[in-house]
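The structure appears right after this line, and notes come after that.
The values are calculated or read from the model by the stated rules, or taken from the named source; none is laboratory data. Because the structure is a prediction, the values reported are computed rather than measured. Here the Cβ is made from the backbone with ideal geometry for all residues, glycine too, and neighbour counts use every protein chain on show.
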Amino acid sequence: MRYAEVAVLVRARAVDRLFDYLVPEGMDISEGDAVEVPFGAQRVEGYVLALKDRVADDSVSYRSIAKKLSGERPPLTRDLIGLLDFMRKRYFCTWAAAVSTVLPPVIRSPGKRYYQLVCDAVSVSEMDAADALWVRKLKDAFSKKTRLAEATLLEKGFSRALLMRFVRQGCLMLELGGSSVTRRTEMWVSAVPDARTERVRSDRKREFLRFLRDRRAPLRYADLLEQGLATAEMIRSLKAQGLIHVTAKPLEESGHDMEEPLSLTEEQRAAVESIVALMDARKHETMLLQGVTGSGKTEVYLQTIERALQKGLQALVMVPEIALTTQIVARFRRRFGSRVAVLHSRMTERERRHQFASIYEGVADVVVGARSAVFAPLDRLGLLIIDEEHESTYKQDRDPRYVAREIAAWRAQHANAPLILGSATPSLEVMYRVESGRYTKQLLKQRATGRPLPEVHIVDMRQEMKMNQQGLLSRALRDALKDSFNHQEQAVLLLNRRGFSSFLLCRECGESLTCPHCDVTLTVHRDPDPALLCHFCNYRAPLVAVCPACGGGRLRTFGAGTQRLEQEVLSFFPNVRVLRMDVDTTAGVGAHEQILSDFAKGEADVLLGTQMIAKGHDFSRVSLVGVVAADAALHVPDFRSAERTFQLLVQVAGRAGRHGREGRVVIQTFAPDHYAIQAAAAQDYEQFYRTELPLRRRLDYPPFTEIAQFIVTHEEEHKAREGARQLYRLLEASLNGCERVSLLPAVPAVVLRIRGAYRYQVVVKYHSFRAVSTKLRKAFDQAVAACGSDVSLHVDINSWMTL
Ligand code: ADP
Ligand code: ZN
C-alpha cells in the first residue's frame, strides 16, 4: 500500500491540515504532483507533498486519489514543497494559501512541440566540434521544411536535450501549442575588443576584421553577407580563431545596440570576484552590496550572472517594481537575450504562461521579476540577487503577507547559493546583521562613470514663509530650475503626494471632508476632472463649493500634491515641457514606460511626481533634483519614518549628475536639522545609521526585536474591538512565562476604518521568532476559532529576520 500526503486547495482554516489518501494500484504519482481527490461530498484539487508506505492509523479506511492532473498543472518542484512548510510557520497561513501563492499559473496542456530553424551556419559555428555531426543532420532535416514536429526529429535520432541546447544557442526556435517559447533571433557580429589583426593571414579576412573593429558596434550577420562584406566561411573561421564574437539576439531587440560586458572598475571587480568565489564553492552566504547611487551595481549583477550561466546554474534577480525598472530589464535582455524571463503580477495571463513555459523548457535561465518572482520554478539556482533590498515592495500586502527577502533567503540557503542584497541605503536590519558578522559586505564607494556625487543644498522653508513666500517652490529652487533650463538640461522634482491638495477644510465649522467608508480625509483632484477622491478605497465625489456639514461657503484646501506642483511650475516657467508621474497618470498599461522613455528621450524639461520618479532610473541629462517637501514622510506614525525619508532622499538625489555636468540637489524642508535630512544631504549612510540605531535600541524596535502585528477587522466596531481583546487574552495566556516578549494591548489601528471595515490591532514584540512562533500560532488559531467566520484576522510580521 502506498499513501500520499495531500494539501487540498480548500481555504477554510478548520480543515487546514494534510490529508492521507491511498495511491491506487498502477497510478504513477510523484511528490509535487497535482491530483484530484474526494473531499467530503466533492472532488477537489490538491498537491502530493509526500509519499509513504504506512499511515499512523491503519484501522481507518482511506479514500483513494481520484486522478492525477498532469498536463494542466505543472508539478511543484522539490524546493517549493519545502517552502510551503516554511510559509505556513512564518506567516501563519493555511496549506491551501501557501500552495496557491507558490504555484505557477496553469499552463495549458502544451500540445505538440515544433521546432523551427532560425539561424544558419553561423550559429552552428558556435557549437562544439563534437556537435558537428548533429549540426549537419539538423541542416539536412530542415532542408525542405522550416518547421518540424519534435516527434519527427526524435525519429531522426535527436534527443530533446540536444534540441534544447540548439534552442538556447539561438539556432532553433521552440513552439508549444502554437506559440513560440523562444523569440525569433538573429545573428550579430563584432570584433573582439583588442583583436590582433596580424594573426590573420588572408588579406580579405584581415581587411574585414579591421573594418569590424573600426565599427565598434556589432553588425547584423545578414547585412554583412548581403552587402558582400564577408562570407559565411570567413566569419566562421575568424570566430574559430577567437577574433570575433557572433551572438544570437531576439529579433525585437536587435534594433538596439548589442551590449558587451563593460570593463569593471576596481571596486566592481572585487565585488564580482568575491561573489564568483562563493558560487565556485557552492556556498550560501548573504552579502550586502552597498554601492552609492550610480556605482554600477547592475554591471556587477550582470557579470556574476554570466558566470553562473557558464556553470550551468540559474539566476534569480528581484527588482522592486517592474514598471519602474524597465531600464534594468532592458539591460538584462541586451546582455542575455531570450535566456531572460520576466515575471510580475501585471502581465497578461498569456504572457505569463509564455514566460513560465520558457523557464520550464530550460530556455530561460535568468529570471528577473518583482516580488512574486521569488517563487519562480528554478531548480538549479546558483545566484539570487535582490536589488534595492530596502524597498517596501518586497512585502506582500495581502494574505499571506510574505516578505520576498525572507523567501529568497530560504531558497538561497537550500540551493547553497549566495544571496546578494544591493542598495545604496541598506535597511537597518541588513546593516545590523553585517555588523554582527552574519552577513558579509562589499562596498562600491565611487560612481562607475567617475562623476562625483551631487552637491546638496537644504532650503529652510520656515525662513521662506517668513519672507512671505507662499508657494511650493522656494526662491533657491526656482533659480536652480531656471539655470537648468538655460543650460538645456533636465530637472526632476519630487513631491510624494498625489492629487492637487490633501484635504478640504471648512473655515466656518472646522470640519474636513472625509470618506464615508474610510477614516481619512478626501483628497482634492483637479486633473483630469475636479473631484474629491479617497486614496484608500477610490471613493469619488464631486468637488463641492459648500460645506456639507454647515452649509458654509468658505472651504479651503490644505497640503499640496503633484497636480498643484505641476500648475505652479508652469506658472513660473510657461514654456517648459512638464511630465507628471503619479498613480493618476500611470493607470494605463505601459504608461510608466511611456513617461520614463519620453523623459529619457528629452521630450520634457521636468519630470515631477511621487516616489516613482526616485527609483533607479539612469537619465543622462538630469543635472538638478528638487525635493519639494522633504519632511512630508517624517510625521507618519511608523517607526521607520526616518529611515524611509532618508532612503527616499538619497535615492532621488542620486538621479542628478550621473553622466554630464555636475549634479545639484535642492532639498526644501521645515525640519532642516532633523538627522534623517542632514544625513541625506550629506549622502552619508554611516551618519544616518549611527544616529538611528541607538534610537531603535532604546525603543526596542527592529532590528533589535521583531514585531508581529495582528489585525482584527469587522464591519461593526464593537465586534472588531471584542475580537482584538479576546486575541489579546489568548496571547497573554499562551505567552505566559516567555522572556523578553512584550504584548501591547488591543487598540484601534492607525487608520481605524478602511472600506467600511473597522480595524483593531494587537502588537507583540519579541527577540526570537523561533522561541515564540508556536505560542503565537496557538493563540492565533484559538482566536480564529473563537471569533466566528465573519471576523477576519490577519497577521503581519513587520520586520524580517534570517532563518
Ligand atoms: P547603480 O544601480 O549602482 O545606481 P547603475 O548600475 O545604474 O548604478 O550604473 C550607473 C551608470 O554607470 C550606468 O549608466 C552604467 O552604464 C555606468 N557604468 C556601470 N559600470 C560601469 C563601468 N565599469 N564603466 C563605465 N560605466 C559604467
Ligand atoms: Zn475611502
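Assorted remarks:
- Test: residue in segment 729-744 that is part of a strand (DSSP E or B), hydrophobic (A, V, I, L, M, F, W, C) and within 16 Å of ligand 2 (Cβ to nearest atom): no
- One residue stands out among those in segment 682-718 that are farther than 30 Å from P748 by Cβ and assigned to a loop (DSSP other than H, G, I, E, B): the one that is farthest from the chain's Cα centre (by Cα), which is A682.
- The residues of segment 407-428 that are farther than 19 Å from P703 by Cβ and either polar (S, T, N, Q) or free of Cβ contacts under 8 Å to residues at least 12 places away in the same chain (or both), listed by number, are Q413, N416.
- Selection status of V791, closer than 22 Å to K89 by Cβ and either of a type in the set (S, T, Y) or in contact (Cβ under 8 Å) with a residue 12 or more places away in the chain (or both): no
- Residue that is more than 11 Å from the chain's Cα centre (by Cα), under 18 Å from L103 (Cα atoms) and assigned by TED's automatic domain parsing to the domain that holds S345, where the choices are L381, L419: L381
Residue-by-condition table, conditions (1) in the same structural domain as M347 (by TED's automatic domain parsing); (2) surrounded by 17 or more Cβ atoms within 10 Å (Cβ to Cβ); (3) over 34 Å from the mean Cα position of the chain (by Cα):
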{"position": "T523", "(1), (2), (3)": "no, yes, no"}
{"position": "A545", "(1), (2), (3)": "no, no, yes"}
{"position": "R554", "(1), (2), (3)": "no, no, yes"}
{"position": "Q567", "(1), (2), (3)": "no, no, no"}
{"position": "P574", "(1), (2), (3)": "no, no, yes"}
{"position": "A604", "(1), (2), (3)": "no, yes, no"}
{"position": "D618", "(1), (2), (3)": "no, yes, no"}
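- Residue count for segment 193-211, restricted to those that are of a type in the set (K, R) and assigned to a loop (DSSP other than H, G, I, E, B): 2
- Candidates L76, L83: the one that is part of a helix (DSSP H, G or I) and either outside the structural domain of S372 (by TED's automatic domain parsing) or under 28 Å from Y402 (Cα atoms) (or both) is L83.
- Summed over segment 764-788, residues that are part of a loop (DSSP other than H, G, I, E, B) and either closer than 15 Å to D16 by Cα or not assigned by TED's automatic domain parsing to the domain that holds S734 (or both) total 0.
- Candidate set: segment 499-519, residues that are surrounded by 20 or more Cβ atoms within 10 Å (Cβ to Cβ) and in a loop (DSSP other than H, G, I, E, B); chosen: the one nearest to ligand 1 (Cβ to nearest atom): G499
- In the condition set (1) surrounded by 15 or more Cβ atoms within 10 Å (Cβ to Cβ); (2) free of Cβ contacts under 8 Å to residues at least 60 places away in the same chain, N736 is compliant with all but (1).
- None of Y301, Y221 is assigned by TED's automatic domain parsing to the domain that holds D379, aromatic (F, W, Y) and away from ligand 2 (no atom under 16 Å from the Cβ) except Y301.
- Single unsatisfied condition, D527 versus (1) in contact with a Leu (Cβ under 7 Å, 6 or more places away or on another chain); (2) not in a strand (DSSP E or B): (1)
- Selection count where residues are more than 16 Å from ligand 2 (Cβ to nearest atom) and in contact with a Phe, Trp or Tyr (Cβ under 8 Å, 6 or more places away or on another chain), scope segment 492-529: 5
- In segment 530-543, the qualifying residues are those that are assigned to a loop (DSSP other than H, G, I, E, B), of a type in the set (A, V, I, L, M, F, W, C) and free of Cβ contacts under 8 Å to residues at least 40 places away in the same chain, and the one that is nearest to ligand 2 (Cβ to nearest atom) is C534.
- Scanning segment 556-579 for residues that are under 16 Å from V627 (Cβ atoms) and in contact with an Asp or Glu (Cβ under 7 Å, 6 or more places away or on another chain) yields one hit, T562.
- Inside segment 476-498, residues that are assigned to a loop (DSSP other than H, G, I, E, B) and closer than 30 Å to Q268 by Cα make up a count of 1.
- Condition met for L608 (farther than 23 Å from H344 by Cβ, touching a helix residue (DSSP H, G or I) at 6+ places or on another chain (Cβ under 7 Å) and crowded, with 20+ Cβ neighbours inside 10 Å): yes
- For segment 212-224, residues that are part of a helix (DSSP H, G or I) and either touching a strand residue (DSSP E or B) at 6+ places or on another chain (Cβ under 7 Å) or of a type outside the set (K, R) (or both) total 7.
- Restricting Y728, Y758 to residues that are aromatic (F, W, Y), touching an Asp or Glu at 6+ places or on another chain (Cβ under 6 Å) and at pLDDT 90 or above narrows the list to Y758.
This table checks each residue for (1) hydrophobic (A, V, I, L, M, F, W, C); (2) surrounded by 19 or more Cβ atoms within 10 Å (Cβ to Cβ); (3) within 25 Å of R168 (Cβ to Cβ); (4) free of Cβ contacts under 8 Å to residues at least 40 places away in the same chain.
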| residue | (1), (2), (3), (4) |
| --- | --- |
| F375 | yes, yes, yes, no |
| R398 | no, no, no, yes |
| V430 | yes, yes, no, no |
| S436 | no, no, no, yes |
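- Any hit, segment 472-486, residues being within 16 Å of ligand 2 (Cβ to nearest atom), modelled with pLDDT of 90 or more and under 24 Å from Q563 (Cα atoms): no
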